[in-house]
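Before any comments, here is the structure.
The values are calculated or read from the model by the stated rules, or taken from the named source; none is laboratory data. Note that the structure is a prediction, hence the values are computed from the model and not measured. Virtual Cβ from ideal backbone geometry, glycine too; neighbours counted across all protein chains shown. What goes into the accessible areas is simple: the full protein's heavy atoms, side chains included, and nothing from ligands, DNA or RNA. Shrake-Rupley method; radii C 1.70, N 1.55, O 1.52, S 1.80 Å.
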Protein chains: 2
Amino acid sequence: MGTAETAAGRGAPEHRHPREVPLQGALAALADPVRLILVRELAASRDWERSCGSFDVPVRKAALSHHFAVLREAGLIEQRDSGARRVNRLRRAEFDARFPGLLDLVLSEKPDRSIAE
Amino acid sequence: MGTAETAAGRGAPEHRHPREVPLQGALAALADPVRLILVRELAASRDWERSCGSFDVPVRKAALSHHFAVLREAGLIEQRDSGARRVNRLRRAEFDARFPGLLDLVLSEKPDRSIAE
DNA sequence: TAAACTGTTCGATCAACTACGAACAGAACC
DNA sequence: GGTTCTGTTCGTAGTTGATCGAACAGTTTA
């Protein structure tokens, strides 16, 4: 059919606005090396540019899918289905309004070399 | 003997300056309900005023001791032995210099009612 | 000296998190 | 049609973290 807006493996992703995210949840979401990579790479990309599989992380897709779910629940990202792939955007403004400075802190920190080891 | 400056159960506590604390460690330290209470109560008290046992937290002393160790390793608090008790202070300025805005975020957030349940 | 108090450490338990492979489902491509 | 690509879900395994009670070691008080 015409333009595709459907899903990949299942229904549309459930989102949570940063406004409804508890501080503890936001901190926990960011206290993980893999998710930090995702957030930083996302911040360096344009909205809706990156699909889930396009990130350079040392985990397989099952774990990756889980991490994206956590970021979604923490109000950090928004996802949209585009054909077979699911594209992402960082909720910069909304998240920063809810937790002023937190995202800046994460993004200004130079990534620690070597994730595992 | 004269003035006591010794320990409670063991040697002097090991500290870590916020400068040497990784962002991930700071976030993880703050992503816990008990430790959030400790930090907030500490912020509302004067330096060296509060002993470890003087906090209103729903855990026993073994767990409490562990939480203080985590806060110490995260550069969030400083401890000093004063006779039988160990007194604390929040490293406001140093921590804020290392992670600008993070502590403010934690302290401006209204404590979520009901820690467990 | 003995008892009470404060806090640490040990060992065990239990819950939560992270990870993987396999199976699945829709989209795109041949 | 079938194959490949993308991502989710499931079941499971390993790791980490929080918690407790008990034992311990100083300090203080009686």
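Copy-to-copy label distances for residue A:48, where each label lies 7 Å from Cα along Cα-to-Cβ, are 6.0 nm in order of increasing length. Here residue A:61 is the anchor, and the lysines within straight C-alpha reach of less than 26 Å, apart from those fewer than 8 places off in the same chain, are A:110. The residues of segment A:10-41 occluded by other protein chains by 20 Å² or more of accessible area, set against the chain on its own, are A:23, A:24, A:27, A:31, A:33, A:36; surface from heavy atoms, 1.4 Å probe. Only DSSP H runs of four or more residues enter the estimate; each adds -39500 (n - 2.57), and after division by the residues of chain A the mean residue ellipticity at 222 nm equals -11000 deg cm²/dmol. Buried accessible surface for the B/A pair, both sides summed and rounded to the nearest 100, is 1400 Å² with a 1.4 Å probe. Between identical copies, the spacing of residue B:82 label points, each set 7 Å from Cα toward the C-beta atom, reads 5.9 nm from nearest to farthest. Sorted shortest first, the separations between the residue A:19 label point and its copies elsewhere in the assembly read 4.3 nm; each point sits 7 Å from Cα along the Cα-to-Cβ line. Among the protein heavy atoms of segment A:23-103, carbon and sulfur supply 48% of the accessible surface, probe 1.4 Å, non-protein parts ignored. Calculated accessible area for segment A:47-117 comes out at 58 Å² per residue, all protein chains present (probe 1.4 Å; ligands, DNA, RNA ignored). One residue of chain A places its C-beta nearer than any other to the axis carrying A onto B; that residue and its whole-Å distance are A:101, 2. Of the trypsin sites (Lys or Arg not before Pro) found in segment A:1-101, those that fall in a DSSP loop while having at most 15 other beta-carbon atoms within 10 Å are A:10, A:16, A:46, A:60.
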